[in-house]
Each structure stands twice: as C-alpha cells, then as structure tokens.
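Here is the structure we will look at.
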Amino acid sequence: MKKILLLFATIIVGINVQAQSLWDSSKPDQTFTFGVRAGINFASSTEHEATSTRTGVHFGVSADYNIIKSFSISSGVFFVTKGFKGNFPEIELANPTKQTASSLSASFIQIPLLASWRIEAPSGVQFHVNVGPYYAYGIGGTTQYRPYDMTFNWDVFNQDTFGDKGFWKHQDIGLSGSVNVLIGHFTAGIGYEYGFSNVAKVYGEFKTRNANMTIGYNF
C-alpha cells in the first residue's frame, strides 16, 4: 500500500510540475516588453489565376503587455509587403484566350493584436504561440501587366496598386498566427497571415495570404 501511495504521489507531483511549465500564472519579470522585428514574406492571393508567390519583406516595432508569465497581449506597428504573380485573361471579347503575365506588389502598414501563450523550457528557452486578428492599410505598390501576343512582343504597363484607379482597396483585415523561439533577447519564428477581406476593386476575388519568417530583438 505504501508503494502504491508513493507511486500515486509521484505521478501527481509530475503532473503538477508539467502543468506549471505549460501554464505559469506567476507575476512576469516585466509588465511591458518592446522589440524590433524584421523578416521575409512569401505572399500570394486566393484568386486562382494568381499562380505564384511574391517574395517581400516586413519590419517594425513590437510591444507586449505581459499579464502573467505564460500569457501576454502582443501588438506593434509593421511595414509589410504582399502581392502575387500570375497569368490573367485579357478583357477582350475578340480574343478571349489571350492572356497577360501580371505581377502586383502592395505595401501595407499593419497592426496585429495577438494572444500570446508563453511556454518556458528548463534550459531557459521560451516558446511563444501567437494568434489573433490584424488590420492593414495599403500605402503603395505597383501593378504590372504585360499583354502577350503571338508575335512574342511584350508591352509593359504599370499602374498604382491603390488609389482612385488602383487595382486593390486600401483596407485588409485578417487572422495572424505564429510560433516563435526566444533565447535571451533574441527571437526567431515562422508565421502565416490569412486575409478575410476581398481587396479587389473590379476583377476577381483577391484575399491576401502571407507566409513569413521573422527574427528580432527584445530590449
């Protein structure tokens, strides 16, 4: 009986220790954490004729409100480039099979609001799992299309991505998620952004998608 009680007590203690490592409700070392972030994007769109990704960048400043050691609210202000590459049919009734090679770049100022779950490893490494909405406002970019004809001649046309005659609307709202590793002051992670807004003004249904890799430093 004593051996059984000892085994039971050992299991309970082990479960408690594991639970504490996954959820630590004690007071954080500091209430606010500020940092800088930068990385690379692989942006695309839901429109089926947007056939490939466009490589871009993101950078900005982050701010975390640390409620307890295992939970924070994370936000910041970031410059983010998105877009796509693809082939689209010409809007030409006389030749409906004619296509254009197209490329769109879009620069946004983006503000996320993320719930951040922090898991402390015994070695001092901290894992962050972040998820929440973001709001983005388009500030610039270029839409390029090159009509192709059977004589293999290319004429390149450029127009602003946003604006009165732009291809996309300014505002985009979506969901962002990421997994990060924090070692000391340095952080690195991967993430994905899923836009809910149809940003197209006229043609098709364009919703932004963006996979990314990030590095950063916390002060």
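Rounded to whole numbers, the Karplus 3J(HN,Hα) couplings from phi for the stretch 105-113 are 10, 9, 9, 10, 9, 10, 10, x, 9 Hz, using 6.51 cos²θ - 1.76 cosθ + 1.60 with θ = phi - 60°, and x at Gly and Pro. Less than 5 angstrom separates the built amide H of THR51 from those of LYS85, GLY86, ASN87, all sequence-distant by 5 or more or on a different chain. Counting lysine pairs in the stretch 26-218 whose alpha carbons fall under 12 angstrom apart, excluding pairs fewer than 8 residues apart on the same chain, gives 5. Grouping the Cα pair distances of the stretch 26-218 into 5 Å bins from zero gives a pair-distance distribution of 1, 8, 14, 19, 15, 12, 9, 7, 6, 4, 2, 2, 1, 0, 0 percent in increasing distance order.
Neighbours of GLN110, meaning other residues whose beta-carbon lies under 11 angstrom from its beta-carbon, give a summed charge of -1 when Lys and Arg score +1 and Asp and Glu score -1. Here the Karplus relation 6.51 cos²θ - 1.76 cosθ + 1.60, evaluated at θ = phi - 60°, turns the backbone of the stretch 25-40 into coupling constants of 8, 6, 5, x, 5, 9, 6, 10, 10, 10, x, 10, 9, 7, x, 10 Hz, with x for every Gly and Pro. Peptide packing: for 124-131, 39-46, 23-30, the average count of neighbouring Cβ atoms within 10 Å per residue gives the ranking 39-46, 124-131, 23-30, highest mean first. Full extension of the chain between VAL77 and TYR135 yields a length gain of 19.9 nm, computed as 0.36 nm times the residue separation minus the alpha carbon distance. In a fully extended conformation the segment linking PHE34 and TRP117 would gain 28.2 nm over its present Cα-Cα distance, using 0.36 nm per residue.
Karplus-derived 3J(HN,Hα) values for the stretch 171-188, using 6.51 cos²θ - 1.76 cosθ + 1.60 with θ = phi - 60°, are 9, 9, 10, x, 10, 10, x, 7, 10, 10, 10, 10, 10, x, 8, 9, 9, 8 Hz; glycine and proline are entered as x. Averaging the Cα positions of each part gives two centres, and for the stretch 156-219 and the stretch 24-71 these lie 11 Å apart.
Here, each number is a calculation from the coordinates, and none is a lab measurement. Quick caveat: nothing in here was measured; it's all calculated off a predicted structure. Heads up, the Cβs are rebuilt from the backbone with ideal geometry, glycines too, and the neighbour counts pull from every protein chain shown.
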